[in-house]
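**Student:** Pasting in a structure now, in structure tokens, and then I'll have a few things to ask.
The values are calculated or read from the model by the stated rules, or taken from the named source; none is laboratory data. Source: prediction; values computed, not measured. Cβ: placed from backbone, ideal geometry, glycine included. Neighbour counts: every protein chain shown. The area values use the complete protein model at the heavy-atom level, side chains included, leaving out ligands, DNA and RNA. Shrake-Rupley method; radii C 1.70, N 1.55, O 1.52, S 1.80 Å.
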Protein chains: 2
Amino acid sequence: MIITSKNNEAFKYFKKLKNKKYREEDRLFMVEKSVAIEEAKDYKPEYILLSETSYNEKKFEDIISGFDEDRIYIFQDNLFKKISDAVSPQGIIGYYKYLDRDFDRDSGKYLYLDDVREPGNLGGMIRSADAFGLDGIILSLNCCDLYNPKTVRASMSSIFRLPIYKMSREKLVSLGFNLISTSINRSLSIRDYNFKDRDIVIIGNEAKGVSDFLMENSNMSINIPISSKVDSLNANVAASIIIYEMTK
Amino acid sequence: MIITSKNNEAFKYFKKLKNKKYREEDRLFMVEKSVAIEEAKDYKPEYILLSETSYNEKKFEDIISGFDEDRIYIFQDNLFKKISDAVSPQGIIGYYKYLDRDFDRDSGKYLYLDDVREPGNLGGMIRSADAFGLDGIILSLNCCDLYNPKTVRASMSSIFRLPIYKMSREKLVSLGFNLISTSINRSLSIRDYNFKDRDIVIIGNEAKGVSDFLMENSNMSINIPISSKVDSLNANVAASIIIYEMTK
């Protein structure tokens, strides 16, 4: 019942899922925070893994009760550590199906992330968007991986609740929503703009900002006014303040 | 001229300064981002260290030009790495005197950080406060170390520009400013409060929130309204939104 060998097929399988290539093939991502697994209880995991210690201590009885036993795997602690992505594993991992959605809305307020590359920033923006009730986040095709364990961790369980879409820049423009780029120059202060339905604010890449293509194709441009001595705000902070204003 | 031995006294000295104990004794902290060192040019470092490579490539000529040669040390790359705290060292480190200030203001708007423990959060709050022109940040006695390299890094160069003070909770109460705690329950939405001169907003510890002592001794309480499904905002994001509202 407790898996103790590195040659075990289940061990090999779950260890491979840490790798993006295999994660994409099977379209499964991992959640390691027990709080997030509990909060996401409307989403049934495909598998639950427990460490030997957490199993023996019955630490997660509430989570696994009623869950199909064939889909629970228990690993010796040292093997569990190799499957886990956490620095200090909590002793539980849930594996969930990818949450892909097609964009079929013709109202609402959204962020479009134009190649945001840092998983902690992406996860943080998802958490803030969910907290403030934004209608969703749309990712450009070259954003960092939504299902990277760091993204999932930073989102808390908001990755399950917030509608998240993926879309090319060209497709975004073709939607006909009001596209608002973010830029420091020649733009309106966010403090002077009243956000409305069908606004989509474009958040740029951490280093390069909004792409030229979307700068040219946006309907207007806004900025968060800051001291001229300060180069920029942290990307997650800037996006979260914009979300806070959008949902006023 | 280029230090190549682990037995060199300068090597031993600078390596020790990574340790908080020795940093406190000599009251010197390190800055590793060349951008931050450039931006902080009103503050003269006590020492500048270069890696052999950055010295040979003359990467930081602008920064060291005019700087007292006796206070520049050049280390072989592998020794430099041991002195550095960065994952990918840029090849320069500036050592600066502690920036302690006494609180002698009777006007302005401030944050009081009530045992904020995470260096990245503290550094991020300093960056946002500087960006939005808050009058300063006051640290409780058990906040994480202001001079931790992670705090310094996250603050960018804002640690030099923003007035930062340290003060006990009792002293804070004795100032007679308008103390505003942050709490989810029975409090006013931040969207409905107009911040004014002599407001000090208290940001709680990441896990425990605002201390009972300051809850009891504050004049009022505010919250950032969020979805009931979301546990909390990221601490840096929450503090940054409060700063954004305070400086409106």
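**Student:** Only one residue in B:Leu111, B:Leu141 is modelled with pLDDT of 95 or more and under 27 Å from A:Asp231 (Cα atoms). Which one? Give the steps one after another, and end with the answer.
**Tutor:** On the way: B:Leu141 fails: under 27 Å from A:Asp231 (Cα atoms).
Unique residue meeting the criteria: B:Leu111.
Residues are listed down the side, and each one gets a yes or a no for (1) crowded, with 16+ Cβ neighbours inside 10 Å; (2) touching a Leu at 6+ places or on another chain (Cβ under 9 Å); (3) at pLDDT below 95; (4) within 7 Å of another protein chain (Cβ to nearest Cβ):
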{"residue": "A:Leu214", "(1), (2), (3), (4)": "yes, yes, no, no"}
{"residue": "A:Ser221", "(1), (2), (3), (4)": "yes, yes, no, no"}
{"residue": "A:Lys229", "(1), (2), (3), (4)": "no, no, yes, yes"}
{"residue": "A:Asn236", "(1), (2), (3), (4)": "yes, yes, no, yes"}
{"residue": "A:Ala239", "(1), (2), (3), (4)": "yes, yes, no, no"}
{"residue": "A:Ile243", "(1), (2), (3), (4)": "yes, yes, no, no"}
{"residue": "A:Thr247", "(1), (2), (3), (4)": "yes, yes, no, no"}
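**Student:** Within the stretch A:106-139, can you find the residues that are more than 10 Å from every other protein chain (Cβ to nearest Cβ), open to solvent by 10 Å² or more (accessible area, probe 1.4 Å) and acidic (Asp, Glu)?
**Tutor:** Selection gives A:Asp106, A:Asp115, A:Glu118, A:Asp135.
**Student:** Answer with yes or no whether B:Ala86 is surrounded by 12 or more Cβ atoms within 10 Å (Cβ to Cβ), within 20 Å of the chain's Cα centre (by Cα) and within 14 Å of chain A (Cβ to nearest Cβ). Quick ask: steps written out before the conclusion?
**Tutor:** Details: surrounded by 12 or more Cβ atoms within 10 Å (Cβ to Cβ): yes; within 20 Å of the chain's Cα centre (by Cα): yes; within 14 Å of chain A (Cβ to nearest Cβ): no.
When the stated conditions are applied, B:Ala86 does not pass them.
**Student:** Let me ask another. Test each condition in (1) among the hydrophobic types (A, V, I, L, M, F, W, C); (2) surrounded by fewer than 21 Cβ atoms within 10 Å (Cβ to Cβ); (3) over 26 Å from A:Leu233 (Cα atoms) for B:Leu172 and report the one that comes out false.
**Tutor:** Unmet for B:Leu172, out of (1) among the hydrophobic types (A, V, I, L, M, F, W, C); (2) surrounded by fewer than 21 Cβ atoms within 10 Å (Cβ to Cβ); (3) over 26 Å from A:Leu233 (Cα atoms): (2).
**Student:** On to the next question. Check off (1) modelled with pLDDT under 95; (2) touching a helix residue (DSSP H, G or I) at 6+ places or on another chain (Cβ under 6 Å) for A:Lys41 and give me the number that stays unchecked.
**Tutor:** Of the numbered conditions (1) modelled with pLDDT under 95; (2) touching a helix residue (DSSP H, G or I) at 6+ places or on another chain (Cβ under 6 Å), the odd one out for A:Lys41 is (2).
**Student:** Restricting to the stretch B:9-22, and then to whatever is of a type in the set (Phe, Trp, Tyr) and within 24 Å of the chain's Cα centre (by Cα), can you tell me which residue is farthest from B:Ile74 (Cα to Cα)?
**Tutor:** Step one: list which residues in the stretch B:9-22 are of a type in the set (Phe, Trp, Tyr), which gives B:11, B:13-14, B:22.
Next, only the ones that are within 24 Å of the chain's Cα centre (by Cα) stay: B:13-14, B:22.
On the way: B:Tyr13: 14, B:Phe14: 12, B:Tyr22: 21 Å.
Here the answer is B:Tyr22.
**Student:** Out of curiosity, is A:Ser187 within 14 Å of chain B (Cβ to nearest Cβ) and modelled with pLDDT under 95? It would help to see each step written out before you state the result.
**Tutor:** Working: within 14 Å of chain B (Cβ to nearest Cβ): no; modelled with pLDDT under 95: yes.
No.
**Student:** Scanning the stretch A:23-59 for residues that are among the aromatic types (Phe, Trp, Tyr) and open to solvent by 60 Å² or more (accessible area, probe 1.4 Å), which turns out farthest from A:Ile74 (Cα to Cα)? Let's see the steps before the verdict.
**Tutor:** Residues of the stretch A:23-59 that are among the aromatic types (Phe, Trp, Tyr), as a first pass: A:29, A:43, A:47, A:55.
In the following step, the residues that additionally are open to solvent by 60 Å² or more (accessible area, probe 1.4 Å) were identified as A:43, A:55.
Working: A:Tyr43: 21, A:Tyr55: 7 Å.
Applying the filter and picking the extreme gives A:Tyr43.
**Student:** Next up: Tell me which residues, restricted to the stretch B:140-167, are away from chain A (no Cβ under 14 Å) and of a type in the set (Phe, Trp, Tyr). Even if it seems obvious, please write down each step before you answer.
**Tutor:** Initial filter on the stretch B:140-167 (away from chain A (no Cβ under 14 Å)): B:140-149, B:152, B:164-167.
Scanning the stretch B:140-167 gives B:Tyr147, B:Tyr165.
**Student:** Do you know which of the residues in the stretch A:181-212 that are of a type in the set (A, V, I, L, M) and open to solvent by 30 Å² or more (accessible area, probe 1.4 Å) is farthest from A:Met125 (Cα to Cα)?
**Tutor:** Selected residue: A:Leu188.
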